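J.: Let me give you the structure first, and then I'll get to my questions.
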Amino acid sequence: MDMMSEASRFIQLDPAGIIFLFIVGFIGGLVSGFIGSGGAFVLTPGMMSLGVPGTVAVASNMCHKFPKALVGSIKRYKYGQVDIKLGLYLAAFAGIGVQIGIKIQNYILSLWGPAGSDLYVSISFVVVLVVVGGIVMADAVKSARSSCSEEQTCSLALRLQKIELWPMMTFKKANLRISLWFLLPVGLATGLLAATIAVGGFVGVPGMIYILGATSLVASATELVIAFVMGLAGSVNWAMQGMIDIRLTLIILGGSLLGVQLGAIGTTFVKEHMIKVVMGTIMLIVAVSRGLAMPKYLVKLGMMEASEATLDLLSKVSFGFMVVSLLVGAVIILGSMFLAKRPTAAQATQEA
Amino acid sequence: MQVQKKKPMGKLLAYGLGSAILFSCVYVFQDLLLTTSAKGGAYTILPIATVFLFSWVHGTFAGTLWEVLGVNAVKKASVTAPVAAPRKDTRPRATVNA
């Protein structure tokens, strides 16, 4: 690798860029610590807007993701929320899912070129986020209205747990006994989505809740184990190619390690359905964002006509929606933490 | 009366200082770090080991900071999901009628 290509790979950082990355890292970490994933979808385009080449942005983002997930999962393990065995099994299947996802991506790339590939990614984003985000949101609203303080296990998960299909797996922390054959699709879908839209948790967490029957607390905490394993493997791969800008990684990590621990602490304060509320809200706003990005690729493929100015505006609005989704998630988390903390503080004052 | 837990100020200062030193080192040696990690191959270990080191030092600092600021976890009774009831054994049983 010559020095010229290295110089073009690694940008000159200014204070504004450093502050931006630190803050996005913090908010992304907060959301990840709370719902198990998130932040990555804003950080990659955010870095690219600073002039970082796409591959370096993806690589540097991934390299910050696995230590963040490690710290978050250790924190949540201490709270008794992580099922390591479940996380490792799902991570192994997700690894296969990533390989399938890459194969599909390459096939689409060879058929329709980069614009077709981008359109496939955007369509996947919109379809998955609208369907899964809608289910999560509807369930969150139902749980919020329910007078029952305990989270109810989905009837589909209960039915699947009753099917005695060899080999049956027992996960003590998640309090689950389910066939390996039902873990497989959840893991594969998580990996497939991670390879396509880089946020496997948007399928992994709902999959663990609605198909396997884990609580949202255990599911979101266990997702961090999956993110760690997959992030480490991906980062080693990128590091072998010399694509990681360690400065960017460490600035984001500086903010995200603060955020991820705050998010993890937050899960112990709030009602369990808040995890679903935050996840559903973020997913639905991101779906709008990706929907707005689609015309650009449709124009490139000659399937639609629009002026350059319109596409530029749509692109900016799309990125704006991504940032808004993360901010809304952070506000809900911090707001619900504040509201949950208030009665405890008032009680302590009364006791004193 | 509530027993006030002592805040770990010493730990916060030690890891805070360690974190500040690590970030300063990255700033001072950024060119060396970038050119070395850009080589890839055997140098893969450099960025991976660096982030692990930061996770430990800066991660401990961050956790202690929230503790010192009074943002602590609340203990909950249980986080486990209710499991499905075991299947009824409907197999015929040999019975003896006297």
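The values are calculated or read from the model by the stated rules, or taken from the named source; none is laboratory data. If you're wondering where the values come from, they're calculated on a predicted model, not measured in any experiment. Cβ coordinates were reconstructed from backbone atoms using ideal geometry, including for glycine residues, and neighbour counts include every protein chain displayed. Just so you know, the surface numbers come from the protein's heavy atoms only, side chains and all, with ligands and any DNA or RNA stripped out. Shrake-Rupley method; radii C 1.70, N 1.55, O 1.52, S 1.80 Å.
J.: Could you work out the mean count of beta carbons from other protein chains within 10 Å of each residue's beta carbon in B:17-23?
T.: 1
J.: Could I ask something else about it? Provide Rg over Rh for segment B:9-69; use the alpha carbon set for both Rg and the Kirkwood Rh (inverse mean inverse pair distance).
T.: Using Cα coordinates only, the ratio equals 1.09.
J.: Report, in whole Å, the centroid distance computed from the Cα atoms of segment A:163-228 and segment B:1-75.
T.: Centre-to-centre (Cα) distance: 30 Å.
J.: Enter the accessible area per residue of segment B:9-69 (Å², integer; probe 1.4 Å; all protein chains in place).
T.: Ligands and nucleic acids excluded, the figure is 52 Å² per residue.
J.: Within chain A, which DSSP H helices have Cα atoms that stretch 20 Å or more along the helix axis and a mean Kyte-Doolittle hydropathy of at least -0.5?
T.: Helix filter hits for chain A: A:15-35, A:54-78, A:84-145, A:180-197, A:216-240, A:246-269, A:273-300, A:308-351.
J.: Moving on. Hey, could you pull the Cα Rg and Dmax for the protein assembly as shown, both in Å?
T.: Spelled out, the Cα radius of gyration and Dmax of the protein assembly as shown are 23.1, 96 Å.
J.: When the Cα atoms of segment A:64-162 are enclosed in a convex hull and the volume is divided per residue, what value in Å³ results?
T.: Details: hull volume 17.1 nm³, N = 99.
Hull volume over Cα atoms, normalised by residue count, gives 173 Å³.
J.: Per residue, what accessible area does segment A:207-289 have, given a 1.4 Å probe and all protein chains present, in Å²?
T.: Normalised by residue count, the accessible surface of segment A:207-289 is 18 Å².
J.: For a distance above 16 Å, tell me the whole-number percent of Cα pairs in segment A:123-176 that qualify.
T.: When every Cα pair of segment A:123-176 is considered, 63 percent fall beyond 16 Å.
J.: Is segment A:1-107 rounded, prolate or oblate when judged by the Cα gyration tensor, a ≥ b ≥ c being the square roots of its eigenvalues, rounded requiring a/c under 1.5 and prolate requiring a/b larger than b/c?
T.: Judged from the Cα gyration tensor, segment A:1-107 comes out oblate (a/c at least 1.5, b/c at or above a/b).
J.: I need the peptides A:213-222, A:284-293 ranked by packing, meaning the mean over residues of other C-beta atoms within 10 angstrom, with the highest value on top.
T.: Averaged packing, sorted descending, gives the order A:213-222, A:284-293.
J.: Here's a follow-up. Checking an interface number: how much accessible area is buried between B and A, summed over both chains, with a 1.4 Å probe, in Å² rounded to 100?
T.: Summing both chains' loss of accessible area gives about 3900 Å².
J.: Here's something else I'd like to know. Put a dot 7 Å past each Cα toward the Cβ at residue A:55 and residue A:327; how far apart are the dots in nm?
T.: Roughly 3.4 nm, to one decimal.
J.: Compute, for the protein assembly as shown, the length of the dipole vector about the Cα centre, with Cβ point charges of +1 (Lys, Arg) and -1 (Asp, Glu) only. Units Debye, rounded to 20.
T.: 1700 debye
J.: Here's another thing I want to ask about it. How crowded by other chains is A:158-168, given as the mean number of beta carbons from other chains within 10 Å of each beta carbon?
T.: That works out to 2 on average.
J.: When the helix-only estimate is applied to the protein assembly as shown (DSSP H runs of n ≥ 4, each -39,500 (n - 2.57), divided by the residue count), what is the mean residue ellipticity at 222 nm, nearest 500 deg cm²/dmol?
T.: Estimated from H runs of four or more residues: -25500 deg cm²/dmol.
J.: For labels at residue A:170 and residue A:313 in the simple 7 Å Cα→Cβ model, what's the distance in nm?
T.: It is 6.3 nm.
J.: Let me ask another. Identify, among A:55, B:28, A:330, the residue whose Cα sits farthest towards the positive end of the charge dipole of the protein assembly as shown, taking +1 on the Cβ of Lys and Arg and -1 on the Cβ of Asp and Glu, with the dipole about the Cα centre.
T.: Of the candidates, A:330 comes out farthest on the positive side.
J.: Summarise the partner chain shielding of A:170-180 as one whole number: the mean count of Cβ atoms from other chains within 10 Å of each residue's Cβ.
T.: 2
J.: Separate question: List the equivalent ellipsoid semi-axes of segment A:174-270 in whole Å, largest first, each obtained as the square root of 5λ for an eigenvalue λ of the Cα gyration tensor.
T.: Ellipsoid semi-axes (Å, largest first): 27, 20, 9.
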